Amino acid sequence: MSLKVTVDDKSSFAPGVTYTEPMKNAISHYNVTYGQNFSLSAGLQASSQATRTETVGYAVPFNSFTMPPCHGTTIVRTKSRTKSC
């Protein structure tokens, strides 16, 4: 028999900063007013991923299923051997 366990771990971090400063309105040659502003942005992103796999295997003899269960200090005799519990 075998048991396989897989753990997948993912994480991320992504902060960002934006600075906006309004400036005075501008006037075009045709006497049209439009707004202006100054913007500055910065960002940072970090991420990580890890995968871990564990596999466990073990064997169980078939005769353990055919023998009667042991209780206390019972001695079980079979054709080929004597087993003490």
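The values are calculated or read from the model by the stated rules, or taken from the named source; none is laboratory data. A quick note: this is a predicted structure, and the numbers were derived from the prediction, not measured. All Cβ positions, even for glycine, are placed from backbone atoms using ideal geometry, and neighbour counts span all protein chains on display.
Computed quantities for the displayed model
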item: Pair list, Cβ < 8 Å and 6+ apart or interchain, from segment 55-69 residues that are at pLDDT 75 or above to residues that are among the hydroxyl-bearing types (Ser, Thr, Tyr); result: Thr55/Ser2; Val56/Ser2; Gly57/Ser2; Tyr58/Ser2
item: Leading residue by the ranking (nearest to Arg52 (Cα to Cα)) among those in segment 7-39 that are of a type in the set (A, V, I, L, M) and at pLDDT below 90; result: Met23
